[in-house]
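Report on the following structure.
The values are calculated or read from the model by the stated rules, or taken from the named source; none is laboratory data. Quick caveat, the model's predicted, so the values are computed rather than measured. So basically every Cβ, Gly included, is an ideal-geometry build from the backbone, and we count neighbours across all protein chains shown. Areas reflect the complete protein model, heavy atoms only, side chains present, ligands, DNA and RNA absent. Shrake-Rupley method; radii C 1.70, N 1.55, O 1.52, S 1.80 Å.
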2 protein chains.
Amino acid sequence: MKRYALGLDYGTNSVRSLLVDLADGTEVGSMVFNYPSGEMGILLDEKDPHVARQNPQDYLDGLVAATRGALAQAAEKLPDFDPSQVVGIGVDTTGSTPIPVDHRGTPLGLKPEFRGVLAAQVWLWKDHTAHAEAAEITARASEMRPHYLAKCGGTYSSEWFWSKILRIRRTAPEVFAAAHSFVEHCDWIPAVLTGTTDPAVMSRSICAAGHKAFFNIEWGGLPDAEFLSALDPALAELRDRLYVDARTADRPAGTLTAEWGALLGLPEGIVVATGAFDVHMGAVAAGISEGTLVKVLGTSTCDVMVVDASRPLPDIPGLCGVVHGSILPGYYGLEAGQSAVGDIFLWFVNHLVPESYGHTMAEKFVGLEAEMATLRPGQSGLLALDWNNGNRSILVDVRLTGLLLGQTLHTTAGEMYRALIEATAFGALTIIKRLEEYGVHVNEVVNTGGLAIKNAALMQIYADVLGRPMKVAQSEQTCALGAAMFGAVAAGAFTSLPEAQRVICRTRDVVYHPNAEAHAVYAELYTLYRTLHDAFGSATWSGQLASVMKNLLVLRERVTA
Amino acid sequence: MKRYALGLDYGTNSVRSLLVDLADGTEVGSMVFNYPSGEMGILLDEKDPHVARQNPQDYLDGLVAATRGALAQAAEKLPDFDPSQVVGIGVDTTGSTPIPVDHRGTPLGLKPEFRGVLAAQVWLWKDHTAHAEAAEITARASEMRPHYLAKCGGTYSSEWFWSKILRIRRTAPEVFAAAHSFVEHCDWIPAVLTGTTDPAVMSRSICAAGHKAFFNIEWGGLPDAEFLSALDPALAELRDRLYVDARTADRPAGTLTAEWGALLGLPEGIVVATGAFDVHMGAVAAGISEGTLVKVLGTSTCDVMVVDASRPLPDIPGLCGVVHGSILPGYYGLEAGQSAVGDIFLWFVNHLVPESYGHTMAEKFVGLEAEMATLRPGQSGLLALDWNNGNRSILVDVRLTGLLLGQTLHTTAGEMYRALIEATAFGALTIIKRLEEYGVHVNEVVNTGGLAIKNAALMQIYADVLGRPMKVAQSEQTCALGAAMFGAVAAGAFTSLPEAQRVICRTRDVVYHPNAEAHAVYAELYTLYRTLHDAFGSATWSGQLASVMKNLLVLRERVTA
């Protein structure tokens, strides 16, 4: 008998459904629902470019439309398909994306009295209004609770839970007062589906709690009341109305209510897994296991690994987070990342590529890649730092910027584009080196995300720079697929996530193998990159740079000889 | 009675004539003749991009056409004009631009047996085929005659006289063997006009000899035979067929022959001044005197000053040359420069500016300047090094390249353009600081050249960065005007060049005055520029750079607050 699971992947601008055949991972139905509110689903404030909010109603409308769309597609494709064959549902979302809710768990943004009040809506991950609050939390933690920071890379972010809550307390006290509690988007959707929105009983994601809310079972869950009081006594009071327990996403949040079953076109009683963040579920669908680095390559990157939690793990400086169970139960989830990868290429093509490369952005990318294909490593004489949006790992410093050197009077846009891709590859290598320095060995690299699928030239450069084969996950929708897998495991369709992975996860036949000659040149370039990286990124660096430009010229002459 | 002088300015692609009224400097006739040979007057070799030669016949054809054109224009404008009112002729050229000649001073390139032989033609200043020979000469001089190098900035260039001669000896021995001697372009034209092409009697320019051929009266003129022998014994033999004396350009080379008078439409007997290089004559027309820095702003820049030679002058590291009498008799001529200024902007507009700024290159410059005008100093957060073509002064290092830092995901082409202009201004300031460190005070800055006349935005940035008023010479043709002034002084129409300057030289009414607020911000940016300059340019620098990007961000926040 056929069994399916449904994954729901809430992204920044849309929600995607994916219905998966649990016999072999075949994707039998999928639909994307674009959030109708604001600008591409984001509520903006023209007075403050840091504002990024969302309308919770969009999530509910998307839940119905995307689910029904996937089911309809499956029914059309498969004559024997029956909604009763859906055994589990999993949900992933962006995060930290907290929602102020009332005592029943209803978002304030859904209540008439808060309609149009931006502070009462969902605070999307990329809302950066709370940068001052983040700096304050970092300073306070550094003083009072340095071990909190050690688990999140040393700096608390404006994108994270407590920064946003403190910001609401400070700048929208009426919203804070009306909020009985705050819930993560990834916790709220499973709660809605299972009728468990009461904050006191809602199943909370360890992934969200651990990575974004300083939650750690070693220090008793959420940050202690003394620390929160030091930020604001109201936060200490709020602590009691949040949660004391958080779960891995293979555990059920509950079962589908009759009411929501009717809305979605599914029978009641289907198991709904506890939620988690998109990248963490995506990593599972990409086949993560100990020794396998999953790289999610998009506008920015996430680099995730798992490490058996039965052994002690040292603090690894420069990671964004280390959370027990955030990816796989029984394993530490390790998260690192690059603040901008695809975004750097988009910036470059939007601002600095003349029409001689093409008229549309897509044509310009094609033109740049055509030129790039004629260039050997080292031939341009260029070297860049990939810091246009700061450096997440391993420097954890938003106050860094881009750098390009080696320009002559003949340097072309195609050469610069290649140098920018190479810079992101050097950044990726720096993360791997940091992990390995701390005993976390990378035996395999599996890539997923838009760039991994669409940009073969980039993947080859990554293979050549990293000196490792680059594999690419089969699914184009690893996040949604991962959500479905968690739904299936929560429902008992598999005994464990690794078992589900064996049945469902594949990598593509095309593997990008490193070219030994290119890798040797890149090893020399990486030494120069690392010199610049440390010189501009580390306050403890001291040294000389006079040979950098000359070494690039020597290398250029050698590879073009 | 009216008196006129004729200036002939031989540039890279054309020769320009200028007929000047000696009563007040009015320019009464001018014509440009484009060299017809090769590509825009330059003979190229598709197998070697370093080759840049010229056809000596182009110089003769241009001499006739440009002179007759200027005379015809004057005759048309001024009913009373008579060629007999022309009292003197001056000539400037590019350099070092040596010509292999036979024993009568006839260029080998004019002889049928060498037609089409590239090595037998004129070796234009920008011919860089002799880079290995230049390095060899530098090494040999550093070992045997370090005082030679002290007068030319520490490095002998591939553009200079001995490099090119040695290259001919090595790679075209048949041309070297056929060459009785070698003459600079600026010596050959006056010799042609005065019938003194015999190398034994030809008047030689101290400007060319001193700046390019290691000629210095302090060490007995040309480099000694022992040194030349160490390079190649044939050079020591050649030394006797070159010259023992070289002159300032206010001294006559001779008088116009009847034959050339007939060709030009001028009476015989007119005094023709000894030649010199374009920039040095141009500096005189721009009003150079002690304390006045003349900046010739074009694709690259020359920065020239004069210092009274009756006082001892220390060696100033980083200058391109220090030559007694190369600009004004009785003064050391000091030359510094930036390897690329206008060329950097041309590169940027050609390669990295999208059509949203305009369709033609001219439109793109207008678009960039429109955006630039909206930006305050420090607002872009960018900082660049102006080394796309190496650094002439004060690092004297061709093996340096460009650098840009501070890019974000929002950085625009207009911001980058402004950062590149600012970088060239910081480079200009570095030269002034070096001069002043060695006691050469800059009381006034007069600019000339295309950028000075056409780019008001650039001139204002220069005033703000240098913290000094930027004046602009009145004439659009200062080199040709300077040549005419030297012709007039050689003919005795003025008792001295300073007297000629009082009558003829003007600066424009528009003076760019520094804005105090902008200058204060630029002073901070210059500190950062200088840190990068020293870090990447000096083998003795050692230090830290982690604050550079952060300081730029702080500055940006302050100026936009």
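If you go through the range B:389-400 and keep only what is within 7 Å of chain A (Cβ to nearest Cβ) and either on the phi > 0 side of the Ramachandran plot or open to solvent by 10 Å² or more (accessible area, probe 1.4 Å) (or both), you end up with B:ASN389, B:ARG399.
The residues of the range B:176-197 that are over 27 Å from the mean Cα position of the chain (by Cα) and under 29 Å from B:LYS151 (Cβ atoms), listed by number, are B:PHE176, B:ALA179, B:HIS180.
Restricting attention to the range A:171-181, does a residue exist that is more than 30 Å from A:GLY269 (Cα to Cα), open to solvent by 10 Å² or more (accessible area, probe 1.4 Å), touching a residue at least 60 places away in the same chain (Cβ under 8 Å) and not in a strand (DSSP E or B)? Scanning the range A:171-181 turns up at least one residue that is more than 30 Å from A:GLY269 (Cα to Cα), open to solvent by 10 Å² or more (accessible area, probe 1.4 Å), touching a residue at least 60 places away in the same chain (Cβ under 8 Å) and not in a strand (DSSP E or B). Among the residues of the range A:137-146, at least one is open to solvent by 10 Å² or more (accessible area, probe 1.4 Å), of a type in the set (Val, Ile, Thr) and without any contact (Cβ under 8 Å) to a residue 24 or more places away in the chain. Where strands (runs of 3 or more DSSP E) sit wholly within the range A:1-103, none has at least 2 residues that are closer than 30 Å to A:SER163 by Cβ and among the hydroxyl-bearing types (Ser, Thr, Tyr). Restricting the search to helices (runs of 4 or more DSSP H) fully inside the range B:447-561 and requiring at least 1 residues that are outside the structural domain of B:GLU27 (by TED's automatic domain parsing) and closer than 28 Å to A:ARG399 by Cβ gives B:456-466, B:516-537, B:548-560.
Answer yes or no: is there a residue in the range B:346-367 that is at positive phi, touching a strand residue (DSSP E or B) at 6+ places or on another chain (Cβ under 7 Å) and not hydroxyl-bearing (Ser, Thr, Tyr). There is no residue in the range B:346-367 that is at positive phi, touching a strand residue (DSSP E or B) at 6+ places or on another chain (Cβ under 7 Å) and not hydroxyl-bearing (Ser, Thr, Tyr).
Check B:GLU268, B:GLU218 and return the single one that is at pLDDT below 95, open to solvent by 20 Å² or more (accessible area, probe 1.4 Å) and either farther than 23 Å from B:VAL86 by Cα or charged (D, E, K, R) (or both).
B:GLU218
Of all the listed residues (B:TRP188, B:TRP219), the sole one being of a type in the set (Phe, Trp, Tyr), touching a residue at least 40 places away in the same chain (Cβ under 8 Å) and over 23 Å from B:THR12 (Cα atoms) is B:TRP219.
Considering the conditions (1) open to solvent by 40 Å² or more (accessible area, probe 1.4 Å); (2) under 22 Å from the mean Cα position of the chain (by Cα); (3) of a type in the set (A, V, I, L, M, F, W, C), A:LEU78 is excluded by exactly one of them, (2). Of a type in the set (D, E, K, R) and closer than 21 Å to A:ALA236 by Cα, is that true of A:GLU76? Criteria not met by A:GLU76.
How many residues does the range B:285-304 contain that are crowded, with 24+ Cβ neighbours inside 10 Å and over 13 Å from the mean Cα position of the chain (by Cα)?
Going through the range B:285-304 one residue at a time, the tally reaches 4.
Residues in the range B:529-539 that are open to solvent by less than 20 Å² (accessible area, probe 1.4 Å) and more than 8 Å from every other protein chain (Cβ to nearest Cβ): B:TYR529, B:LEU532, B:HIS533. Residues that are in contact with a Cys (Cβ under 8 Å, 6 or more places away or on another chain) and open to solvent by less than 10 Å² (accessible area, probe 1.4 Å): does the range B:353-374 have at least one? No, the conditions are met nowhere in the range B:353-374. Going through (1) within 18 Å of B:LYS151 (Cα to Cα); (2) of a type outside the set (Asp, Glu); (3) within 14 Å of chain A (Cβ to nearest Cβ); (4) surrounded by fewer than 16 Cβ atoms within 10 Å (Cβ to Cβ) one by one, B:PRO317 falls short only on (3).
Within the range B:406-422, restricting attention to residues that are in a loop (DSSP other than H, G, I, E, B) and open to solvent by 10 Å² or more (accessible area, probe 1.4 Å), which residue is farthest from the other protein chains (Cβ to nearest Cβ)? In this case the residue turns out to be B:HIS410. Restricting B:LEU118, B:LEU166 to residues that are open to solvent by 20 Å² or more (accessible area, probe 1.4 Å) and either without any contact (Cβ under 8 Å) to a residue 12 or more places away in the chain or in the same structural domain as B:GLY269 (by TED's automatic domain parsing) (or both) narrows the list to B:LEU118. The residue that is nearest to B:SER380 (Cα to Cα), counting only those in the range B:540-561 that are open to solvent by 80 Å² or more (accessible area, probe 1.4 Å) and more than 7 Å from chain A (Cβ to nearest Cβ), is B:GLU557. Screening the candidates B:LEU403, B:LEU352, B:LEU383 for the property of being more than 9 Å from chain A (Cβ to nearest Cβ) and in contact with a Leu (Cβ under 8 Å, 6 or more places away or on another chain) yields one hit, B:LEU383. B:LEU525 fulfils the conditions (1) open to solvent by less than 20 Å² (accessible area, probe 1.4 Å); (2) out of contact with any strand residue (DSSP E or B) (no Cβ under 9 Å at 6 or more places or on another chain) except for a single criterion, (2). Counting the residues of the range A:121-134 that are modelled with pLDDT under 95 and either surrounded by fewer than 15 Cβ atoms within 10 Å (Cβ to Cβ) or assigned to a helix (DSSP H, G or I) (or both) gives 3.
To keep it simple, each residue is scored yes or no on (1) of a type in the set (Asp, Glu); (2) more than 21 Å from the chain's Cα centre (by Cα).
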position	(1), (2)
A:ALA236	no, yes
A:ARG239	no, yes
A:TRP260	no, yes
A:VAL272	no, yes
A:ASP278	yes, no
A:ALA309	no, yes
A:TYR332	no, no
A:PHE348	no, yes
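Inspection of the range B:33-46 identifies no residue that is touching a residue at least 40 places away in the same chain (Cβ under 8 Å), buried (at least 17 other Cβ atoms within 10 Å of the Cβ), among the aromatic types (Phe, Trp, Tyr) and assigned by TED's automatic domain parsing to the domain that holds B:LYS126.
Conditions (1) in a helix (DSSP H, G or I); (2) closer than 30 Å to B:SER393 by Cβ; (3) in contact (Cβ under 8 Å) with a residue 12 or more places away in the chain, marked per residue:
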| site | (1), (2), (3) |
| --- | --- |
| B:PHE227 | yes, yes, yes |
| B:ALA236 | yes, no, no |
| B:ALA253 | no, no, yes |
| B:MET281 | yes, yes, yes |
| B:VAL284 | yes, yes, yes |
| B:GLY287 | no, yes, yes |
| B:LEU313 | no, yes, yes |
| B:LEU319 | no, yes, yes |
| B:VAL322 | no, yes, yes |
